[in-house]
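One structure below.
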Amino acid sequence: VSPVATLSYSVSTIKQELVRFGLIADVQYADEDDGPNFAQNRLRRYRQSLETMRLACKDWEKDSEINFAICLGDLFDHKASSHRDKALAKVKAAMGNSLTWHLAPGNHDLCAFTREEVRELLAPLGTNFVSTNNGLYYEFSAGDGVRAIVLDSYVQSVIGPAGGLKGFRESAHFLASHNPNIIEEDPARPSTSLPKGWLHNLEATQYRFVPFNGGLGETQREWLRIVLQDAVNNDEIVLVFCHVPILPQASKPHNVCWDNTDVLDLLDEQPNLRLVVFAGHDHDGGYAMRCPSNKHRPRYHLTPSAPLECDKGQVSFGSIHVSRSYDDDFVVDVRWVGKTPHNWPRKQLRFDVHCNNDKM
């Protein structure tokens, strides 16, 4: 595999770089032969995906300015549950020894491992999880004036929910109440008798209510509100990492958080928030800039393409550079290698102007 850089930007506006980090989306490794996805319309290259991660790590390790690396969830495929120790050893070997790693937990991670095992996997990294409700979410300082937030988009879910059996039952009831095609007693059962399965006769805005998505839940959202307010008060830029996308325009409507409207309303409470949201889950990826009103700063939502479904010999990973500009605001450069979504940003992400009147 020979990576070819596809995106890079001029540094003429940059006064001081604050943080640089490696980014990769759904690796979904399992020691399995290539095979189709659930819809039988894509080929998944499990072993090549791990090789992409190994190449990414070698690339990042050569860069002494890389502060950390993060996977946007689904580091493992659910098929790895049959050989977990072997899969874990291979993934750790690919990660290398010199990088500090973070993980936004995904649905396949929580199928291959228990929530407690995912927590233990991250514990050696010194992750300071929020202590309430067994969630896998936390914040950390990524650099001077840069706040990083890792969200757990499966606190509320039918896949490894934070509340155990009680949380599963509550989530199954919630899901069935929003999607009549879901069987509450067995919410993960595919609806093979319906022409469009779980999406049968639903409006597009309801597509997110399917078993492979999940939600932040009220407790995590309230925690997020407090953290965002503190970041705005301290004039920080906020980088959010979440497996399931929050904004439908940066994904597909069936790959979005259950409580995305609540989360977006929460983000809108802070007009001066400088925000970039990185998500996984949607293997094609996507990008959108959201402008709640002309009083808000723009918010950027990026969903990288997944290495798992790249063509043979193709890769997908990159690095993100957050800097101060000469006008003392923030700029974000996305420098990517290999496959990108069709609408991937091709200019610096800037926050020094407010949105126009177009809403999204």
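Laid out as a table, the results:
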item: Only one of Leu151, Leu110 that is free of Cβ contacts under 8 Å to residues at least 60 places away in the same chain and within 22 Å of Ile246 (Cβ to Cβ); result: Leu110
item: Arg221 being under 23 Å from Thr303 (Cα atoms), among the basic types (Lys, Arg), open to solvent by less than 40 Å² (accessible area, probe 1.4 Å) and within 20 Å of the chain's Cα centre (by Cα); result: no
item: In the stretch 88-99, the residues that are outside any helix (DSSP H, G or I), open to solvent by 60 Å² or more (accessible area, probe 1.4 Å) and either touching a residue at least 24 places away in the same chain (Cβ under 8 Å) or at positive phi (or both); result: Ser98
item: Those residues of the stretch 275-290 which are open to solvent by less than 10 Å² (accessible area, probe 1.4 Å) and either out of contact with any His (no Cβ under 6 Å at 6 or more places or on another chain) or under 23 Å from His102 (Cα atoms) (or both), in sequence order; result: Leu275, Val276, Val277, Phe278, Ala279, Gly280, Asp282, Gly286
item: Contacts under 9 angstrom Cβ, first residue in the stretch 31-46 being outside any loop (DSSP other than H, G, I, E, B), partner of a type in the set (S, T, N, Q) and surrounded by 12 or more Cβ atoms within 10 Å (Cβ to Cβ), 6 or more apart; result: Leu43/Asn37; Arg44/Gln28; Arg44/Asn37; Tyr46/Gln28
item: Pick from the stretch 189-200, criterion modelled with pLDDT of 80 or more and surrounded by fewer than 15 Cβ atoms within 10 Å (Cβ to Cβ), ranking: farthest from Thr261 (Cα to Cα); result: Arg189
item: Candidate set: the stretch 248-274, residues that are out of contact with any Gly (no Cβ under 9 Å at 6 or more places or on another chain) and of a type in the set (A, V, I, L, M); chosen: the one surrounded by the most Cβ atoms within 10 Å (Cβ to Cβ); result: Val256
item: Answer residue from the stretch 298-314, given it is open to solvent by 30 Å² or more (accessible area, probe 1.4 Å) and charged (D, E, K, R) and is nearest to the chain's Cα centre (by Cα) among those; result: Asp311
item: Within the stretch 154-174, tally of residues that are over 20 Å from Asp74 (Cβ atoms), touching a residue at least 24 places away in the same chain (Cβ under 8 Å) and hydrophobic (A, V, I, L, M, F, W, C); result: 1
item: Lone qualifier among Leu199, Leu175, Leu216 - being under 30 Å from Leu18 (Cβ atoms) and aliphatic (A, V, I, L, M); result: Leu216
item: Filtered residues of the stretch 100-159 (kept if in a loop (DSSP other than H, G, I, E, B), closer than 17 Å to Thr219 by Cβ and either touching a His at 6+ places or on another chain (Cβ under 9 Å) or among the aromatic types (Phe, Trp, Tyr) (or both)); result: Pro105, Phe129, Tyr137, Leu151, Asp152, Ser153, Tyr154
item: Any hit, the stretch 335-353, residues being more than 30 Å from Gly35 (Cα to Cα), open to solvent by less than 20 Å² (accessible area, probe 1.4 Å), modelled with pLDDT of 90 or more and of a type outside the set (Lys, Arg); result: no
item: Val130 of a type in the set (A, V, I, L, M), in contact (Cβ under 8 Å) with a residue 40 or more places away in the chain and surrounded by fewer than 19 Cβ atoms within 10 Å (Cβ to Cβ); result: yes
item: Options Asp77, Asp63, Asp85: the member that is within 18 Å of Ala25 (Cα to Cα) and either of a type outside the set (A, V, I, L, M, F, W, C) or surrounded by fewer than 17 Cβ atoms within 10 Å (Cβ to Cβ) (or both); result: Asp77
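Matching residues to (1) in contact with a Phe, Trp or Tyr (Cβ under 8 Å, 6 or more places away or on another chain); (2) among the hydroxyl-bearing types (Ser, Thr, Tyr); (3) modelled with pLDDT of 90 or more:
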{"site": "Ser2", "(1), (2), (3)": "no, yes, no"}
{"site": "Tyr9", "(1), (2), (3)": "no, yes, no"}
{"site": "Ser12", "(1), (2), (3)": "no, yes, no"}
{"site": "Ile24", "(1), (2), (3)": "yes, no, yes"}
{"site": "Gln28", "(1), (2), (3)": "yes, no, yes"}
{"site": "Asp34", "(1), (2), (3)": "yes, no, yes"}
{"site": "Ser49", "(1), (2), (3)": "yes, yes, yes"}
{"site": "Thr52", "(1), (2), (3)": "yes, yes, yes"}
{"site": "Phe68", "(1), (2), (3)": "yes, no, yes"}
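Per-residue answers, yes or no, for (1) part of a helix (DSSP H, G or I); (2) surrounded by 22 or more Cβ atoms within 10 Å (Cβ to Cβ); (3) in contact with a helix residue (DSSP H, G or I) (Cβ under 7 Å, 6 or more places away or on another chain); (4) aromatic (Phe, Trp, Tyr):
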| position | (1), (2), (3), (4) |
| --- | --- |
| Gly167 | yes, no, no, no |
| Ser171 | yes, yes, no, no |
| Ser177 | yes, no, no, no |
| Glu184 | no, no, yes, no |
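The values are calculated or read from the model by the stated rules, or taken from the named source; none is laboratory data. Bear in mind that the values here come from a model prediction, so they are computed numbers and not experimental data. Cβ sites come from the backbone with ideal geometry, for glycine too, and all protein chains shown count toward neighbours. Please note that ligands, DNA and RNA were not included when accessible areas were found on the heavy atoms of the full protein model with its side chains. Shrake-Rupley method; radii C 1.70, N 1.55, O 1.52, S 1.80 Å.
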